[in-house]
Every structure is written in structure tokens, then in C-alpha cells.
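Please treat every number below as a calculation from the coordinates, not as lab data. Just so it is clear, the model here is predicted, and its values are computed rather than measured. All Cβ positions, even for glycine, are placed from backbone atoms using ideal geometry, and neighbour counts span all protein chains on display.
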Ligand SMILES: Cc1cc2nc3c(=O)[nH]c(=O)nc-3n(C[C@H](O)[C@H](O)[C@H](O)COP(=O)(O)OP(=O)(O)OC[C@H]3O[C@@H](n4cnc5c(N)ncnc54)[C@H](O)[C@@H]3O)c2cc1C
Ligand code: FES
């Protein structure tokens, strides 16, 4: 499950596995995906009295939630002044209210269920990247205060010992936790409330209606009054949300620091891509300094090794106490063109099908917001955030429209891969543990040579809407540059929007 790179969370905690679904079921709500979004929705509805069944392709936290850095923040990483310009003051206020409510909801769930997950409330500091000016901070402070963060303030120095990062904005009452310990606790909360969670239960089709029907690869059907799709890249929607968001990979290194040498806070710079830093308690003597950044568009680069080095160097320059590298990992974020997640009715109008996607690098809070919002909507109530997160919304601000056009032009460019040569002409040049796309006649073939030297070939055509996948050296996976579907080295689907594995070679 953890993959070729291992997150600190998987390295330090194992969530007990849940059994596969082994019979047809009828339930009130079927949730697809056991990441933070799926479990937050399931927990909220189970507590509201609904009978809930959760199905996951793999196990709890095996997707992006197990690869997060778990900053819990109501300071938007795309910035309030940007959101306000694109979507207006009311949307900025609702966004602020919802992310604040999400951190409160997490704290409340920890208290109610009794979850021991290293949760802490702490300050977050936003400081300038070297090429940025304090004007950015001033703009953000004013917009964040207008949005509702009245206690945000400018400070003259970030509390980093041994490095002066200049003035910063301080955001009180942010949070952090150990995500897998949290998810394990929420899962127990769901089960205590009568819900069931099944791992190793891949969903292959979702049909709206009364009842809605979910079919698994094992041939079982779950009939449900409502289905909620929380597969990160939504498998219930072929086009609408995918045309309005783009997949980016982000990288993380964890470095050991002596306890007390770094102030326990969240740190972000204003770079693009930006750096994000936090601590995680390890033992009596040390903490892990978790440093993220170096993002790139999925399958557009394959140089994670260099990026990990740059990230580590960046951290060592600013945090002189940083010691050995404990681990490193990468993961994927879906960036919606107008900065906020898509949470609500499935956009194709399928009856009683709902989704949560478009995490925007703030999926800990967006996933939790899905729990609050979808509970209300499924219980038949209105909610003031429904319009803000509506998956069908279209933002008409020119900058965001230009972004949609740019990302979709890039998708169109990917189809040129059908006529380009393969990455290598001869499979003998593919080293053990590596994959390359080759051309064979009119076909593109994804070829992986395993550690024993055996070649494994699959069609390189992504099973979502047929872009050509690329090899990801760091994670030993085939990643799709168009909407972020991922397949393991042997072509087995790991994450949507694709549902089917890579096909056999024609
Ligand atoms: C490196 C990194 C750092 C991040 N840092 C932060 C941060 O500091 N703060 C923050 O708020 N956010 C952060 N994020 C974003 C956040 O981690 C994600 O947005 C969030 O975890 C997504 O949760 P999810 O439940 O939507 O998806 P996932 O956790 O990916 O869950 C989706 C689940 O669906 C399952 N699934 C997929 N297809 C199927 C199928 N066909 N059938 C059944 N199940 C299926 C998968 O197995 C998976 O378990 C970060 C992300 C990364 C990668
Ligand atoms: S993810 Fe859409 S074509 Fe591959």
C-alpha cells in the first residue's frame, strides 16, 4: 500500500485493514473512497442516523490522504485576495467560514470519538518567497480580515531560529494531526455508529436512481438511497469537474530535528509553487520537520530525485537544526480553476449521486467540509455553502476562464502523443524497475521491466478519455497527464477518474 516512496504517516502507523465486501447489500448511503472526504461524509451521516457502507479500492488512507502533510488551515493556499477578485467577497467569507468550521469539526470529532492523533492547535505563518514583496502580505492580510480572519496579524519576524525570513502574517488557531491515526479513529466512529467499511472493494460502476446502484469488481451490488463518490478524481463524472481542474504532483521530505529546536507552527511561503512546513512529534528526543513543495503538473516532469534534493537544501538553509532525512514521498493534488473544491450533486444529473473532488491542496479541510455540507444536502436541508462548492458552477472571471482554456489546451496537446515516437526504440534499454512508453506500429505501449528483468506490457492509453500515460520514476506508476488517473507498474488502476486498468496490448 505505501508505494515505492513512503509517507511518514505510513511509516509510523498502520490502519487495521477492513475486509472486502462479500455479498450484495442494501443501505441508506454508499460512500465510495475511504480517504478523509469519504470517511468524513460517512461519519457525519452515520451520526445523523443513516445506515452507511464505505467501499475502497484498497484500504483506509491508501490514497492521497495517506500522503498528505496534514496542515489544517483556514488560510487559503491560493490566497483570499485572489479568491475575492475571482469570486467576490461573499464567496471569500463563506470559504473562510467553511475552512474554519472544518478545523473545528475535526477537533470535535477527535473529542467525541476519543482519537489520539497528535492533534494540536498552533499558529500558521505566511512569509515572502525571495522574489516576492511585502505587498503580497499586505494584500492578503486585508482580504483575509475582510473574509473573517479578524485575528490574522502582521508580525515583523517568523519565529524560525537562525534564519530571518522577514515579516510575515500570523494566523492563530490552525491545526495539525497524524492523518492515519485520525482516519483510523473516524473509521471506528463510523463502525460504532453502525456503519460498515470494506477495503479491497473496487467500484466499477455507479448508476443513479431510486435506489442508486454501485457495482464492485467482485460482482456485488450495493443498493443505496444515496451514493457519495469520494475517489479524489471523481469516477462518477467523466467530463465536467475534470475539465475545470488539473492534477499536480507535490513532493515532501521529512528531516529529523531535535525536540524544541523548531517552534511548533505551520509555515508557508508565497512562492509558486510554495513551500509548506510543519512538525510531527516522533519520540522524546526528536520531531520530524516535514517540508513540502516543488510541485509540477502530473506526468509533465519526471525528475523527483532532483526536486527532493532542492527541497532538502531549501529546508537546511532555513532550519539549521535539520538532521538526517527520514523519508520522502510525493502525492497528487487536483487544482480547480477557481480555487475551491467541487462538493455537491453529481454534475451529470444522476439521481441520488453526489461527489466531492477538487481538493486544491487543502483536502484535509475540503474533505471535512464535504462531511458537513453533504450531510445537510443528503438530509434534505439547504446549506449556505451549497452554491460556493456546486460542482456545476462556472466562474466567469477572465483570469479563471483563461486558466480553464490553458489547462484544456494542454490536454489537447497530450493527444499529439499518439503520433510522436516512443521514449525509447528498443526495450533492451529499459533498466530493471523502470518503465518507458514505446511505439509499436500505430500503438503506444507502456513497458515495465520488473526487478527480475521480466517485461510487462500494457496499452499506454488511459482508460478515462484516452490520453497517453507517462512513467513516474519516483512512484513506479503510470500517470496520466490529462486528468491525473494513475496505474501501477503492471497497469492496475490506483486512482480515478479512470476506473478500468490499462488494457492489453492490441
Ligand atoms: C504531498 C501532499 C501534501 C498535502 N498537504 C495538505 C495539507 O497540508 N493540508 C491539506 O488540507 N491538504 C493537503 N493535501 C491534500 C490532501 O491530502 C488531499 O486533498 C486529501 O487527502 C484528499 O482526500 P480524498 O478523500 O479526497 O482522496 P483520497 O485520500 O485519495 O481518497 C480516495 C479514495 O478513493 C479510493 N478509490 C479510488 N478509486 C476507487 C474505486 N474505483 N473504487 C473504490 N475506491 C476507489 C482510493 O483507494 C482512495 O482511498 C496534500 C496532498 C499531498 C499529496
Ligand atoms: S485521466 Fe483523463 S484521459 Fe487519463
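If packing is taken as the average count of other Cβ atoms within 10 Å, what order do 350-356, 307-313 fall into, highest mean first?
Sorting 350-356, 307-313 by mean packing, highest first, produces 350-356, 307-313.
Taking a point 7 angstrom from the Cα of residue 376 along the C-beta vector, which residues in the range 102-118 have backbone N less than 13 Å away?
102
Quick check: Cα centre of the range 33-105 to Cα centre of the range 348-367, how many Å?
9
Can you work out the base-10 log of I(q)/I(0) for the chain at q = 0.05 1/Å, using the Debye formula on its C-alpha atoms alone?
Results for the chain at q = 0.05 Å⁻¹ read -0.18.
In what sequence, highest mean first, do 367-375, 14-22, 457-465 appear when ranked by Cβ atoms within 10 angstrom?
In decreasing order of mean packing, 367-375, 14-22, 457-465 become 367-375, 457-465, 14-22.
Using Cα centres only, tell me the gap between the range 313-333 and the range 108-155 in whole Å.
21
In units of 2.2 N^0.38 Å, what is the alpha-carbon radius of gyration of the range 189-298?
In units of the globular-protein estimate, the range 189-298 measures up at 1.59.
Tell me what the chain gives for mean residue ellipticity at 222 nm when only DSSP H runs of n ≥ 4 count, each as -39,500 (n - 2.57), the sum divided by the residue total, rounded to 500 deg cm²/dmol.
After summing the helix terms and dividing by residue count, I get -8000 deg cm²/dmol.
By what distance, in whole Å, do the Cα atoms of the range 320-434 stretch along each of the three principal axes, largest value first?
Answer, in whole Å and largest first: 60, 48, 31 Å.
Translational diffusion coefficient, Stokes-Einstein: compute it for the range 398-472 using the Kirkwood radius over C-alpha pairs as Rh, at 20 °C and 1.002 mPa s, and state it as an integer in µm² s⁻¹.
Details: Rh = 13.7 Å.
It diffuses with D of about 157 µm²/s by this estimate.
How would you rank 419-427, 79-87, highest first, on the average number of other Cβ atoms within 10 Å across their residues?
Highest to lowest by the protection proxy: 79-87, 419-427.
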